[in-house]
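Undergrad: Structure incoming, see below.
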Amino acid sequence: MSPIALNKNSTLKSQKDIEHLFVNGNKICDKLICLYFIKKPNGKVSFSVGKKNHPLAHKRNKIKRLMRESFRLNWLEDIISFNLLFVFVSKKAHNYSNIENSIKSLIIRLNKKTKNV
């Protein structure tokens, strides 16, 4: 489990793909973060923080940086074939360890859920 590079090619940016993910994808939620996922040959990942809960841009950007870093360090080989969207749903900002624990648990739950399929 080495760190993965999150560059333009591995980031989910297409509005069409994101809408398809919300409509047809599956959802796993934790206390802080919800994970939307759908099987795709070349998986991509995206991170989102709602403006309603976090109106200041610098706070949203910090939370997204923390989510990206914890995903980058804790990803698994098995989830490369999925489009993933991590949505931060908590109303208050959290520190790195809380976000990392949430991301880890979502990745493990996704891995278990997709192994059974």
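The values are calculated or read from the model by the stated rules, or taken from the named source; none is laboratory data. Quick caveat, the model's predicted, so the values are computed rather than measured. Counting neighbours? That spans all protein chains shown, and the Cβs are built from the backbone with ideal geometry, glycine included.
Undergrad: Which of the residues spanning region 39-60 are assigned to a loop (DSSP other than H, G, I, E, B) and closer than 22 Å to GLU100 by Cβ?
TA: GLY43, LYS44, GLY50, ASN53, HIS54
Undergrad: Okay, moving on. Which pairs turn up if I take residues in region 37-56 that are over 20 Å from LYS113 (Cβ atoms) and in contact (Cβ under 8 Å) with a residue 24 or more places away in the chain and look for partners that are part of a loop (DSSP other than H, G, I, E, B) and among the hydroxyl-bearing types (Ser, Thr, Tyr) with beta carbon separation below 8 Å, at least 6 apart in sequence or on another chain?
TA: If the second residue must be part of a loop (DSSP other than H, G, I, E, B) and among the hydroxyl-bearing types (Ser, Thr, Tyr), the pairs left are ASN53/SER90.
Undergrad: When TYR36 is evaluated against the numbered criteria (1) assigned to a strand (DSSP E or B); (2) more than 9 Å from ASN83 (Cα to Cα), which criterion, by number, is the only one it fails?
TA: It is condition (2) that TYR36 fails.
Undergrad: Also, I was wondering about something else. What's the total number of residues in region 70-107 that are in contact (Cβ under 8 Å) with a residue 24 or more places away in the chain and part of a helix (DSSP H, G or I)?
TA: The total comes to 20.
Undergrad: To continue, here is another question. Restrict the check to region 5-25 and report whether at least one residue is closer than 12 Å to VAL89 by Cα and more than 12 Å from the chain's Cα centre (by Cα).
TA: No, the conditions are met nowhere in region 5-25.
Undergrad: Taking the condition of being touching a Lys or Arg at 6+ places or on another chain (Cβ under 6 Å) and hydrophobic (A, V, I, L, M, F, W, C), how many residues in region 35-78 meet it? Let's see the steps before the verdict.
TA: Step one: of region 35-78, the residues touching a Lys or Arg at 6+ places or on another chain (Cβ under 6 Å) are 36, 47, 49, 53-54, 74.
Right, trim to hydrophobic (A, V, I, L, M, F, W, C) and you get 47, 49.
The number of residues fulfilling the criteria is 2.
Here is a yes/no grid of residues against (1) in contact with a Cys (Cβ under 9 Å, 6 or more places away or on another chain); (2) modelled with pLDDT of 95 or more; (3) not hydrophobic (A, V, I, L, M, F, W, C):
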site	(1), (2), (3)
LYS39	no, no, yes
ASN42	no, no, yes
HIS58	no, yes, yes
LYS62	no, yes, yes
SER70	no, no, yes
LEU73	no, no, no
ILE80	no, no, no
HIS94	no, no, yes
